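Rule-based calculations on the coordinates, nothing more; no lab input. Everything numeric in this text was worked out from a predicted model, so none of it was measured. All Cβ positions, glycine included, derive from the backbone under ideal geometry; neighbour counts span all protein chains shown.
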Amino acid sequence: MPKRGYPFADAAPLQLKVRVGQRELSRGVCAEQHSREIFDLSRAATGACSSCVRALDGKAVCGQCERALCGRCVHICCSCGAVACGLCALVDCGDVHETVLCASCAMFEA
């Protein structure tokens, strides 16, 4: 049995699946800014965030594992106010809003 013909001809626009990854971002519209943000050669290797490898914009350090963090990767514990990274923080997306607990407070809440 042959395949059916396409009934819409040229009336419908093409629908393509598009996946945008890090490679496409680094070559796209904001290529220079994006690559400068990630691969800032003026800083040492210790000047990179341990979570996302972007250049550090402050002196935030995880209170649990002492890894350096940029402003985007900082999680503040809602119980004690400690700074935690994404690996040491427990994020609970509950009913109304999300709550963040550091590893120490998460042990006592569980």
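The figures follow:
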{"quantity": "MET1-CYS30 FRET efficiency (beta carbon distance; Förster radius 35 Å; 0.05 resolution)", "calculated": "0.10"}
{"quantity": "Segment 22-109 - charge dipole about Cα centre, Lys and Arg +1 at Cβ, Asp and Glu -1, debye rounded to 20", "calculated": "440"}
{"quantity": "Computed FRET value (nearest 0.05) for ARG23 with VAL91, which takes r as the C-beta separation and R₀ as 35 Å", "calculated": "0.80"}
{"quantity": "Residue among GLY94, CYS105, CYS52 farthest towards the positive dipole end of segment 22-109, charges placed on Cβ", "calculated": "CYS52"}
{"quantity": "Mean Cα-pair separation over length for segment 22-109, i.e. relative contact order, pairs under 8 Å, 6 or more apart, %", "calculated": "17"}
